[in-house]
Ligand code: SF4
């Protein structure tokens with residue numbers, strides 16, 4: 001009899017966490033049982049990420065560490081799933097011969113049947129074909145209990161072909177999920193007690209559905225064409241469908257973000273006032289080499305529009321430093337753009353070639369590591385100043401916070417987030433995780449707001 005205990009390890013971004021929840025759902029529906037202890041599992045699945053060199057190295061090291069399990073029990077099935085599997089394909093079997101299963105992001109439905117085939121035989125299976133329409137829309141992800149926030153994937157893949165990015169090759173072309181299934185899932189999450197939804201996609205602004213037939217909540221919205229649903233329409237439908245939940249979304253692309261989205265964010269109180277808007281570089285030359293399809297000027301125009309329509313909206317960003325042919329002038333352009341926008345928060349990285357991308361094939365990674373590190377240091381130091389500047393503006397304000405958990409640094413404190421996605425810590429009182437409360441902000445660091453709970457709940 002097949003031993004159905006499985007363990008899943010997750011690397012990378014929110015999309016991967018969401019995918020792992022889908023994989024768990026597929027397996028549980030077929031009678032497999034999840035364990036949190038990999039030593040007790042007979043099936044070990046590693047859901048991988050290939051976006052950064054560091055995460056790739058970490059995963060390859062982890063696979064190597066698992067060799068001892070295979071030595072002890074040759075029946076153990078080891079599967080590599082997700083972006084690294086898609087990118088490395090057969091190569092991964094050559095790197096390490098303990099692997100039985102290599103599946104790309106569109107092949108998760110096959111996992112139970114392949115495990116059955118492999119069991120007790122030393123077969124190896126690879127499937128990295130892309131599907132034109134796989135969105136896993138009918139699968140309800142299996143989420144951890146007692147969570148406050150749930151990820152809901154609305155689209156998969158990306159058509160943008162930024163020259164540094166592996167996503168179009170590991171996740172394929174853009175595919176939008178049926179809005180009926182998205183709204184049904186959001187309503188289900190509300191009934192289950194979740195308080196916040198994060199709508200996920202590699203490029204949420206490209207969401208587009210031609211299916212039609214949306215009756216529920218449609219009249220309440222101002223959507224004119226029922227047959228074509230774009231991201232601003234979907235955001236509005238979700239906001240109306242779950243009015244007592246907070247809604248966030250990620251990731252936006254400056255090239256695709258419409259003003260209509262900004263107006264929908266403004267219109268609904270339950271849509272959080274935060275936009276993650278990666279720019280990657282402040283230099284037009286580098287943006288063009290990256291094939292970002294927008295200029296520094298386009299980006300600034302969009303930022304001005306956000307500030308005008310949503311004056312209290314926070315803006316965060318991704319920045320890559322040391323891309324091919326980045327000179328000191330280009331780096332300074334990035335610093336100057338940061339000074340102009342004063343991001344609330346940024347994810348900042350050193351550039352490294354990713355196998356398979358245009359940049360890997362056609363551009364030279366010609367900025368030395370020493371220079372990349374120095375530039376990154378300057379970017380991080382500037383971002384710290386801006387984060388502190390943004391957070392300090394909240395001191396003295398009363399803010400609406402969703403309590404998310406107990407602070408890791410001090411168990412006598414709760415932590416939560418305001419609408420702008422700032423982390424707020426405050427002394428624990430009689431309230432509980434999941435409550436929406438008002439907090440008076442008294443102080444801050446460059447990463448956190450510090451406040452006091454007022455004895456007052458608030459309602460969305
Ligand atoms: S928009 Fe560019 S960076 Fe973002 S996922 Fe698509 S190709 Fe990658």
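Computed from the coordinates by the stated procedures, all read-outs in this text should not be read as laboratory data. Values in this document were obtained by computation on a predicted structure and should not be read as measured data. FYI the Cβ positions are ideal-geometry reconstructions off the backbone, even for glycines, and counts take in every protein chain you see.
Figures for the structure shown
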| item | result |
| --- | --- |
| Estimated FRET transfer efficiency when R0 is 25 angstrom, pair residue 180-residue 110 (beta carbons, to 0.05) | 0.50 |
| Theoretical gain in end-to-end length, residue 90 to residue 58 [0.36 nm per residue, Cα-Cα removed] | 9.6 nm |
| Between the stretch 1-52 and the stretch 347-395, the alpha-carbon center distance in angstrom | 32 Å |
| Prolate/oblate/rounded call for the stretch 5-127, Cα gyration tensor, a/c under 1.5 rounded | rounded |
| Added length on full extension, which subtracts the Cα-Cα distance from 0.36 nm per residue, residue 255 to residue 395 | 47.0 nm |
| Computed FRET value (nearest 0.05) for residue 227 with residue 121, which takes r as the C-beta separation and R₀ as 45 Å | 0.35 |
| Cα gyration tensor, the stretch 79-137 - rounded (a/c under 1.5), prolate or oblate | oblate |
| Helix-only CD estimate at 222 nm, as mean residue ellipticity for the chain, using -39500 (n - 2.57) per DSSP H run (n ≥ 4) | -10000 deg cm²/dmol |
| Kirkwood estimate for the chain, i.e. one over the average of 1/r between Cα atoms, Å | 23.6 Å |
| Anisotropy class of the stretch 398-457 from Cα gyration tensor, a/c 1.5 cut | rounded |
| By average C-beta atoms within 10 angstrom, highest first, the peptides 281-292, 229-240 | 229-240, 281-292 |
| Antiparallel content of DSSP bridges confined to the chain, in %, to 5 | 35 percent |
| Cα→Cβ-extended label distance, 7 Å offset, between residue 381 and residue 34, nm | 4.4 nm |
| Distance in nm between pseudo-label sites at residue 2 and residue 192 (7 Å out along the Cβ direction from Cα) | 2.4 nm |
| Among 161-169, 376-384, the order from most to least packed when residues are scored by Cβ within 10 Å on average | 161-169, 376-384 |
| Length added when fully stretched, residue 173-residue 97, from 0.36 nm per residue minus Cα-Cα | 24.3 nm |
| Listed peptides 180-186, 257-263 by packing density, highest first (mean Cβ within 10 Å) | 180-186, 257-263 |
| Per-pair calculated FRET efficiency, R0 = 41 Å: residue 373 and residue 309 via Cβ, rounded to 0.05 | 0.60 |
